[in-house]
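Here the structure comes first, spelled out in structure tokens, and everything after it is commentary.
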Amino acid sequence: MLKSALQADSGSQILASLLPADFRLLEENLTQVELHVPKQLEAPDKRINHIYFFESGFASVVANGRVRRPMEIALIGREGMTGLAVIMGHDRSPNDT
């Protein structure tokens, strides 16, 4: 089965690597958006409303360390996505993205 034009042109390595049948399950819910810096994608302990698949650029995941001192714990780029907590069965994350 062939990939759709949207999947074939995707800069997201995750979306581009899906089987066409799996991509079609997501396709109707995908909307391309332009993100401006700074943009909070996930707030700590708040409901995750959107998941982002990056075609370029990256996002920083920040946790509150000891005495609420912020600490960068991850970067998300074209090979990843936001909303990992949703994949794990939760609707919120303790981190800021």
Looking only at residues in region 19-34 that are loosely packed, with under 12 Cβ neighbours inside 10 Å and not β-branched (Val, Ile, Thr), which one is farthest from the chain's Cα centre (by Cα)? Ala21
Kindly indicate the residue of region 57-71 that is under 24 Å from Ile14 (Cα atoms) and assigned to a loop (DSSP other than H, G, I, E, B) and also least open to solvent (accessible area, probe 1.4 Å) among those meeting that condition. Gly57
Take the residues in region 4-52 that are touching a Phe, Trp or Tyr at 6+ places or on another chain (Cβ under 7 Å) and either of a type in the set (D, E, K, R) or modelled with pLDDT of 90 or more (or both); name whichever of them is nearest to Gly77 (Cα to Cα). Ser12
Looking at region 44-56, which of its residues are open to solvent by less than 90 Å² (accessible area, probe 1.4 Å), more than 21 Å from Leu18 (Cβ to Cβ) and either of a type in the set (Lys, Arg) or within 13 Å of the chain's Cα centre (by Cα) (or both)? none
Scanning region 1-12 for residues that are exposed (fewer than 10 other Cβ atoms within 10 Å of the Cβ) and either in contact (Cβ under 8 Å) with a residue 40 or more places away in the chain or not small (Gly, Ala, Ser) (or both) gives Met1, Leu2
Give just the number: which of (1) open to solvent by less than 40 Å² (accessible area, probe 1.4 Å); (2) within 23 Å of Asp96 (Cβ to Cβ); (3) among the aliphatic types (A, V, I, L, M) does Leu15 not satisfy? (2)
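The values are calculated or read from the model by the stated rules, or taken from the named source; none is laboratory data. Note that the structure is predicted; figures quoted are calculated from it, not measured. Every residue, glycine among them, receives a Cβ derived from its backbone with ideal geometry; neighbour counts consider all protein chains shown. Accessible surface is based on the protein model in full, side chains and every heavy atom, while ligands, DNA and RNA are left aside. Shrake-Rupley method; radii C 1.70, N 1.55, O 1.52, S 1.80 Å.
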